[in-house]
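**Student:** Following this message is one structure expressed as structure tokens.
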Amino acid sequence: MPNIDAEAAGAALTRAETLQRRVRRRSRWYVRYLQIYGAGAFVATLLLGLGPRGVAASVAVWGAVVAALSAYAVRQPVSRHGFARRHAMIIASWAVLYAAVLMPGVLWFEGELLWWLPGAVVVSLPAFLGARLEGRR
Amino acid sequence: MNHPRHRLDEVIHAPVRFAVMATLAAADRAEFAFVRDTVEITDSALSKQVSTLEKAGYVKVTKGYVGKRPRTWLSLTPAGRSAFASHCAALREIVDSALSPPA
């Protein structure tokens with residue numbers, strides 16, 4: 001059975017908190033990731049409203065953003081506890097909102113900035129809100 | 001048998017293993033090199049302690065590649081997370097019991 005006095009127990013808990021602070025600090029790359037994801041989602045959605053040339057530009061922009069972010073994420077040495085669950089929630093929210101803006105937009109609002117601009121804001125919200133919450137943790 | 005020291009985990013109690021567990025408790029997963037640098041030990045020392053924690057069922061080791069470079073990731077298993085939480089709770093009780101001794 002381990003034996004330990006109160007002073008050593010307190011020192012161990014302090015050490016744990018110090019190490020965990022380092023992990024949280026090094027996991028802040030995810031804030032930048034979400035900010036870039038949100039900006040990319042905004043631009044890519046807005047471009048969809050500009051007609052056929054806009055669709056091609058949107059696909060190119062979104063493809064480049066996703067490829068760059070994937071390369072960035074896979075090189076990070078640590079992700080904070082709960083990262084996978086939070087990331088899945090953000091991506092699922094983005095996907096639902098993207099579909100909700102894209103479907104009616106393509107069918108009825110092609111070229112209408114009054115649809116695509118607010119739509120782009122809505123689609124980018126999950127990532128921007130996620131970045132804000134992640135920055136506060 | 002009521003004293004909280006009876007609830008300390010012998011595997012986690014060793015200082016280096018405690019540090020490894022504390023680091024991994026804050027992470028979904030972490031690269032071997034990150035844990036080594038954070039805990040400030042050598043590769044071989046970390047390998048040895050991780051092996052002990054893995055045998056206890058507390059740590060999961062995953063190997064893979066980033067591009068062409070091999071990488072090793074460490075993470076806590078649900079049992080490891082639970083054991084570390086219990087160990088820390090016992091440590092807190094020991095601290096608290098010293099601050100407020102029984103009347």
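Read-outs throughout are calculated quantities, based only on the coordinates presented, and are distinct from any laboratory measurement. Since the model is a prediction, treat every value here as computed from it, not as a measurement. In this analysis, Cβ positions are derived from the backbone assuming ideal geometry, glycine residues included, and neighbour counts consider all displayed protein chains.
**Student:** Note the angle between two axes, namely the Cα long axis of helix A:113-136 and the longest principal axis of the Cα atoms of chain A, as a number of degrees from 0 to 90, rounded to the nearest 10.
**Tutor:** 0
**Student:** Considering only DSSP states other than H, G, I, E and B, which GluC sites (Glu not before Pro) in the stretch B:14-96 qualify as loop sites with at most 16 other Cβ atoms within 10 Å?
**Tutor:** On the way: sites: B:31, B:40, B:54, B:93; in loops: B:40.
Taking the stretch B:14-96 and a limit of 16 other Cβ atoms within 10 Å, the loop GluC sites (Glu not before Pro) found are B:40.
**Student:** Which residues among the stretch B:33-62 fall inside the zone where the amide N is under 16 Å from a point 7 Å beyond the Cα of residue A:25, along Cα→Cβ?
**Tutor:** Residues B:34-40 fall inside that zone.
**Student:** For a quick check: sort A:43, A:123 by the number of other beta carbons within 10 angstrom, fewest at the front. Don't skip to the end; give the middle numbers.
**Tutor:** On the way: A:43 16, A:123 27.
So the ranking, lowest neighbour count to highest, is A:43, A:123.
**Student:** Compute the angle between helix A:83-108 and the longest alpha-carbon principal axis of chain A, please, reported from 0 to 90 degrees and rounded to the nearest 10.
**Tutor:** 10
**Student:** Report the Cα centroid-to-centroid distance between the stretch B:29-87 and the stretch A:2-33 in angstrom, as an integer.
**Tutor:** 16
**Student:** Now a separate question. For the protein assembly as shown, what does -39500 (n - 2.57) per DSSP helix run (n ≥ 4), summed and divided by total residues, give at 222 nm, in deg cm²/dmol to the nearest 500? Working shown, then result.
**Tutor:** Working: 10 runs with 172 residues, N = 240.
Counting only the DSSP helices, I get -24000 deg cm²/dmol.
**Student:** Continuing with this model, one more query. To the nearest whole number, what is the average tally of beta carbon atoms from other chains within 10 Å of the beta carbons of peptide B:81-88?
**Tutor:** Numbers: counts 1, 0, 0, 1, 0, 0, 3, 4.
Across the residues of B:81-88, the mean count of other-chain Cβ atoms within 10 Å is 1.
**Student:** Charges at C-beta only: +1 for Lys and Arg, -1 for Asp and Glu. How large is the resulting dipole of the stretch B:4-97 about its Cα centre, in Debye rounded to 20? Write out the running numbers ahead of the final one.
**Tutor:** Working: 14 positive and 10 negative charges, 81 e Å.
Taking the Cα centre of the stretch B:4-97 as origin, the dipole is about 400 debye.
**Student:** While we're looking at this one, here's another question. Just to confirm a number: summing +1 for Lys and Arg and -1 for Asp and Glu over residues other than residue A:85 whose beta-carbon lies under 15 angstrom from that of residue A:85, what do you get?
**Tutor:** Details: positive: A:80, A:86, A:137, B:29, B:81; negative: A:134, B:28.
Net local charge, residue A:85 excluded: +3.
**Student:** Using only the alpha-carbon atoms, how far is helix A:6-26 inclined from the longest principal axis of chain A? Give it as 0 to 90 degrees, nearest 10.
**Tutor:** 20
**Student:** Can you list the HN-Hα couplings for the stretch A:57-64, worked out from phi with the Karplus curve (6.51, -1.76, 1.60; θ = phi - 60°), rounded to whole Hz and with x for Gly and Pro?
**Tutor:** Karplus-based 3J(HN,Hα) across the stretch A:57-64 equals 5, 4, 4, 5, 5, 5, x, 5 Hz.
**Student:** Can I ask one more? Net charge near residue B:99, counting Lys/Arg +1 and Asp/Glu -1 over other residues with Cβ under 12 Å of its Cβ?
**Tutor:** Numbers: positive: B:92; negative: A:7, B:93, B:96.
Every neighbour counted, the sum reads -2.
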